[in-house]
Every structure is written in structure tokens, then in C-alpha cells.
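Have a look at the structure below before the remarks.
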Amino acid sequence: MRFLLDTEQRDFAASLAALLSAADVPAVARARAAGDDAPLRALWRRLGDAGAFALAVPEEFGGTGLLPVELALCCVELGRHGLPGPAAETFAASTLLAGTEQQALLPGVASGQLILSLAADGGYAADPDLADAVLCLGDERKAPLRQSLDPARRVGVPEDAIAVAPGPGSERATGLAALCTAALALGTGRHLLAATVGYTRTRTQFGVPIGSFQAVKHRLADVLLQLDFAEPLLYGAAVAVQDSAAGAAVDIAAAKAACGEAGYSAARAALQLHGAIGYTDEFDLSLWIRRARVLRNAWGSPSACRRTVLERRPAAEVRN
């Protein structure tokens, strides 16, 4: 099977990239970290106007219906530009509201006026203090708000979280959250690699750019290979979700493991090759470095995802 993005999909990704490039997203993230959510909400509405948050909302509520490939494309760009906030959770929670008392929220979600978050299996919801509604799957335990490793992210489960009964819809939502998080991790890794390559071309040692050193070249090439091998797994999982394939959960788990590890490897390389500047909060790239670590484990750590792949693959494939 040969999979290529069509012109409309590429144009959509390019339009999001242009919007986010002009938005000074690091300043938005720093404002969010300092407790000022107004810049993020303004940017969220602009993304809604561009059609980003309609991608998982049913058509009767102002959305496009679920478009997994476009959703993956969108999240890659959101990750590449470092958008803070519960984007993956908003997309996933959007699929749960139709037919419930909260379905009136969906037009606002599609337009970017409202933000959702989601917790599952006793875990935390991302940015519940920012969300207009928090959905909770399975275990309904409440957890106080706490700071994440990512300075622009908080986690917790508020008292007013909306309980959602387990079922096929909840499993589909958690899978979609994992798929979107994988795409965010891949986009984060792409930005980290590009920034690090640029830095190694200008940073000199012994009178030459450090990017000319073989050890540095090999380190960056390893990161590039990880990202390039993870990308087809991501879009393959998106196609599986689109086609409602029986093995979609396995494809999502494989993509999440690969993208999470690749993004984290890019963060480690960026931190080490930037030297001391990589450790400073004032350096914008530190926002992506910290986020890569969070995205690696959100909605399925690499070890948990690998376990899912091994346990759910057909027995014949495992033997082969």
C-alpha cells in the first residue's frame, strides 16, 4: 500500500503552520505558565476558525465528522509549534458528547470557544483548570490540581468532572487521545531536531561548527531515523481508525510508542548538543524539551504500548 497526503491535506497543514508561526506560541506558553490563559484562549479561537477543532466533532454540531488523518496532521503541527493546552483531550472528548446532556457544548468546541479535557483509568486530566468541561472515564477518583514537568501544563481531576460510563465509545476516545498525543510528540521531535541542526551549524568549537563533528552528525542522524520511522506508523494508525479496522488499537499503540520515544530522543539530543543554554528556562527550546518528556508517557508509556502490541496482535503474527 502506498500512502500519500493529498493536496488538500497538505494545504491544510501549511495553513495551520502559517497561523501558528505568526502567533508567537512560546509567549503564549509562557503566559499560560504564569497563570494568564487569555493569549491561549485567543489562539485556540483562531485555530477553531481555521477548522482545527472541528475535526472530531459530528457534522450536525458544526464539525466535519471524525477525520483521523487530518487530525494527525493537525496535531503534528500543533506539536511542532509547541501549542500548550489539552488539544489531544479536546479532540478525544469531542467524540463522547453527542447524544448526552453535554452535546450542547459541541458547537463551541468546534469553533474553538470551548476547551475540553479527559481523564481515564484513574489517571489525570490535562489542564482541568483551563477546560470548560472535564470528562472522566472509568475510575471517578478526584485529584487536586498539580504542576506538570511542562511549565505550561497542570494535571488533576476536579470535583465537577463529568462521569462517562465505560463502553465502545470510551475505548475509541482513549485510542484517539493516544493517536493525537503521538502526533503531538512527533511534531515536538521534528521541531527539536530542526532547531538543534540549526544550532550545530552556528555554534563553533576549535574554529569549526560543531555540526561538522562526526559524533554530532551520527547523533542527529539517529534522531532523524527514529522520527522518520515513527511517522508512517502514525499515519498508518490514523488510516486504521478511519477505516474502523479491527487492529486499530494495536496500530495506535505502536505509533504512540514510536513517536513518544522519537520525540524524547530528539529532546535529549537537543539538551545535550545545546550545552548549558539548553538547561535555562529563558531559552524557548526548553518548552519543547520539557513537553517531549510529558508526551512520551501521556496516554500510554512506551512500555505499556509495547505490551498492548504484544498482547493484542494475532497469535499467528506473534509466532512469525
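Things to note:
- Every condition in (1) part of a helix (DSSP H, G or I); (2) at negative phi is met by Ala245 except one, and the failing one is (1).
- Among the residues of the range 142-165, those that are surrounded by 12 or more Cβ atoms within 10 Å (Cβ to Cβ) and farther than 30 Å from Asp281 by Cβ comprise Lys142, Ala161, Ile162, Val164.
- Residue pairs whose Cβ atoms lie under 7 Å apart, sitting 6 or more positions apart in sequence or on different chains, and linking a residue in the range 215-228 that is part of a helix (DSSP H, G or I) to a partner that is charged (D, E, K, R) and surrounded by 10 or more Cβ atoms within 10 Å (Cβ to Cβ), are Gln226/Glu261; Leu227/Arg190.
- Options Ala195, Ala183; residue that is at pLDDT 95 or above, surrounded by fewer than 20 Cβ atoms within 10 Å (Cβ to Cβ), at negative phi and aliphatic (A, V, I, L, M): Ala195
- Filter result (surrounded by 14 or more Cβ atoms within 10 Å (Cβ to Cβ) and either under 18 Å from the mean Cα position of the chain (by Cα) or basic (Lys, Arg) (or both)) within the range 20-32: Leu20, Val25, Pro26, Val28, Ala29, Arg30, Arg32
- From the options Asp127, Asp139, residue that is modelled with pLDDT under 95 and among the acidic types (Asp, Glu): Asp139
- When restricted to residues that are assigned to a helix (DSSP H, G or I), of a type outside the set (Asp, Glu) and crowded, with 20+ Cβ neighbours inside 10 Å, the range 62-96 contains 17.
- Complete set of residues in the range 13-58 that are outside any helix (DSSP H, G or I) and over 11 Å from His81 (Cβ atoms): Ala34, Gly35, Asp36, Asp37, Ala50, Gly51, Leu55, Ala56, Val57, Pro58
- Matching residues, the range 214-229, being surrounded by 15 or more Cβ atoms within 10 Å (Cβ to Cβ) and more than 25 Å from the chain's Cα centre (by Cα): Val216
- For Asp281, the criteria (1) touching a residue at least 40 places away in the same chain (Cβ under 8 Å); (2) of a type in the set (D, E, K, R); (3) surrounded by fewer than 21 Cβ atoms within 10 Å (Cβ to Cβ); (4) not in a loop (DSSP other than H, G, I, E, B) hold in every case but one, which is (4).
The values are calculated or read from the model by the stated rules, or taken from the named source; none is laboratory data. None of the values given here were measured: they were computed from a predicted structure. Using ideal geometry, Cβ is built from the backbone for each residue, glycine included, and neighbour counts are taken over all protein chains shown.
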